[in-house]
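Peer 1: Structure in C-alpha cells, see below.
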Amino acid sequence: MTEVIQTALGRVGVDSSGGTVREIHLGVRGTGSKATSPIAKDLARYFSGERVSFDHYPIDLSGFTEFQRKVYAATRAIPPGEVRTYGDIARQIGQPGASRAVGNALGRNPACIVIPCHRVVATNGLGGFTGGLRWKRALLRLEGSRPR
C-alpha cells in the first residue's frame, strides 16, 4: 500500500505491505492522504514532534548487499538526537576505511526515518542527504540535534 502523508516539512511517501516497510521517500509529489497503515500513522506522529520508535518495523532489504544491510543495522541503532559520522559507522561494522562506501549505501537507503540516515554526518559538516540538506537539517532539529 502506498500512502502520501502531508507533514509540516512536506509530503512523505510510504510504501508498506503487511507491516513490512518497502520504501519511504521525502518530498514526494501527490496529494496527502489520511494515514491508515501503522507506519504512516507513526510517521505522522513523528513529524508532529512526538518521540516514536521505529525499531519494530521490518524493512524489505531484498536486493541489498550484506555490506548495505550492516550499514543500515548500525544506522538504525543511532538514538534520536544523536549523530554519528560516516567513519564511525564504517568502524562499527568492521570496515574502517569504508566511509565513502557507507555514504553510498546510505544514499540508497530505501526507508529514511526508519533507517535514520539523516543522523549520519560528515566529519566536517552535514554531508549529503538524498532528500536534500533542508530535510536533513529539519529532521535533526525535530529530534533535538544541533546540525552544523
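Peer 1: If you take the residues of the stretch 96-133 that are of a type in the set (Lys, Arg) and within 14 Å of the chain's Cα centre (by Cα), which of them is farthest from Gly63 (Cα to Cα)?
Peer 2: If we filter the stretch 96-133 for residues that are of a type in the set (Lys, Arg), which is where we start, we get 100, 108, 119.
From the residues that got through so far, the ones that are within 14 Å of the chain's Cα centre (by Cα) too are 108, 119.
Working: Arg108: 11, Arg119: 24 Å.
In this case the residue turns out to be Arg119.
Peer 1: For the stretch 29-82, how many residues meet the condition of being part of a helix (DSSP H, G or I) and among the hydroxyl-bearing types (Ser, Thr, Tyr)?
Peer 2: 3
Peer 1: Also, quick follow-up: Suppose we keep only residues that are among the small types (Gly, Ala, Ser) and free of Cβ contacts under 8 Å to residues at least 60 places away in the same chain within the stretch 1-19. Which one would you say is surrounded by the fewest Cβ atoms within 10 Å (Cβ to Cβ)?
Peer 2: Gly18
Peer 1: Something else about it: When you scan the stretch 30-47, do you find a residue that is within 25 Å of Asn124 (Cα to Cα) and surrounded by fewer than 19 Cβ atoms within 10 Å (Cβ to Cβ), even just one?
Peer 2: The answer is no; no qualifying residue exists.
Peer 1: Ok, one more. Can you report the number of residues in the stretch 45-93 which are closer than 14 Å to Ile113 by Cβ and β-branched (Val, Ile, Thr)?
Peer 2: 4
Peer 1: Something else: Filter the stretch 15-28 down to the residues that are under 19 Å from the mean Cα position of the chain (by Cα) and assigned to a loop (DSSP other than H, G, I, E, B) and list them by number.
Peer 2: Gly19, Gly27, Val28
Peer 1: For the stretch 106-138, name all the residues that are without any contact (Cβ under 8 Å) to a residue 40 or more places away in the chain and crowded, with 19+ Cβ neighbours inside 10 Å.
Peer 2: Leu106, Asn109, His118, Val121, Phe129, Lys136 - these are the residues of the stretch 106-138 that are without any contact (Cβ under 8 Å) to a residue 40 or more places away in the chain and crowded, with 19+ Cβ neighbours inside 10 Å.
Peer 1: Just to be sure before I move on: is Ala98 out of contact with any strand residue (DSSP E or B) (no Cβ under 8 Å at 6 or more places or on another chain), modelled with pLDDT of 95 or more and surrounded by 19 or more Cβ atoms within 10 Å (Cβ to Cβ) in the structure I sent?
Peer 2: Spelling it out, Ala98 is indeed out of contact with any strand residue (DSSP E or B) (no Cβ under 8 Å at 6 or more places or on another chain), modelled with pLDDT of 95 or more and surrounded by 19 or more Cβ atoms within 10 Å (Cβ to Cβ).
Peer 1: Determine if the stretch 72-86 includes at least one residue that is buried (at least 16 other Cβ atoms within 10 Å of the Cβ), modelled with pLDDT of 95 or more, more than 19 Å from Trp135 (Cα to Cα) and charged (D, E, K, R).
Peer 2: Scanning the stretch 72-86 turns up no residue that is buried (at least 16 other Cβ atoms within 10 Å of the Cβ), modelled with pLDDT of 95 or more, more than 19 Å from Trp135 (Cα to Cα) and charged (D, E, K, R).
Peer 1: Quick one: what pairs do we get from the stretch 20-46, first residue among the acidic types (Asp, Glu), second crowded, with 19+ Cβ neighbours inside 10 Å and at pLDDT below 90, C-beta under 9 Å, 6+ apart or different chains?
Peer 2: From the stretch 20-46, the pairs are Asp42/Ala35.
The values are calculated or read from the model by the stated rules, or taken from the named source; none is laboratory data. If you're wondering where the values come from, they're calculated on a predicted model, not measured in any experiment. When we count neighbours, we look across all protein chains shown, and the Cβ atoms used for this are built from the backbone with ideal geometry, even at glycine.
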